[in-house]
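The block underneath contains the structure these notes are about, expressed in structure tokens.
The values are calculated or read from the model by the stated rules, or taken from the named source; none is laboratory data. Quick caveat: nothing in here was measured; it's all calculated off a predicted structure. Heads up, the Cβs are rebuilt from the backbone with ideal geometry, glycines too, and the neighbour counts pull from every protein chain shown.
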Amino acid sequence: MQLSSPSKKSLVNLTPLIDVVFILLIFFMLASNFIRWHYIELSVGEASDIEIDHQKISIISINPDKSYSLNDQKLPIDVIFIKLREQIRNNIEHPIVVQPKEGTDVQTMMNVLNRLKNFAGSNISVAKPDHDEK
């Protein structure tokens, strides 16, 4: 009869586990650098039915077909931005309201807001979508 030798306790080698965790850490650190979170500060106002003096405020309307209007005048978006830059050059506190029409996608509105943010600063507001009466 053969006596068995005392059993050796098997040791778990942690080196490969540490290597895997380290590689995952590097991967997620690199991947997170490519994610850019942007935010646009917007002022929230109350709804009201008041007359608007277009000399004191500019309203950009965004239509679902990606056409744009500045104070009810249909213009290409680049022309609108040129006119707004002029207004802001004359009055740095000139308020701008972006008003999407019903059915306008959010990405189109965010593109306009992003471009406005570059030169209009914090004088940008968003109005509730305009419901066209039929």
**Study point:** Residue match in the stretch 83-98 (condition: at pLDDT 80 or above and under 16 Å from the mean Cα position of the chain (by Cα))
**Key:** yes
Revision key, fill the gap. Filtering the stretch 22-68 down to residues that are at pLDDT 80 or above and among the aromatic types (Phe, Trp, Tyr) yields 22, 27, 28, 68
Check your understanding: Do you know which residues across the stretch 75-131 are of a type in the set (Lys, Arg) and within 17 Å of residue 57 (Cα to Cα)?
Key -> 83, 85, 89, 117, 128
Practice item. Scan the stretch 99-134 for residues that are at pLDDT below 80 and hydrophobic (A, V, I, L, M, F, W, C) and jot them down. Key: 119, 120
Review point. Of the conditions (1) of a type outside the set (Phe, Trp, Tyr); (2) surrounded by fewer than 18 Cβ atoms within 10 Å (Cβ to Cβ); (3) assigned to a helix (DSSP H, G or I); (4) without any contact (Cβ under 8 Å) to a residue 40 or more places away in the chain, residue 109 fails just one. Which one is it?
Key: (4)
Revision key, fill the gap. Selection over the stretch 72-86 where residues are closer than 15 Å to residue 124 by Cα and either touching a Ser or Thr at 6+ places or on another chain (Cβ under 6 Å) or of a type in the set (A, V, I, L, M, F, W, C) (or both) yields a count of 3
Exercise for review: Please determine, by comparing only the residues of the stretch 84-94 that are touching a residue at least 24 places away in the same chain (Cβ under 8 Å) and not aliphatic (A, V, I, L, M), which one is farthest from residue 66 (Cα to Cα).
Suggested key: 93
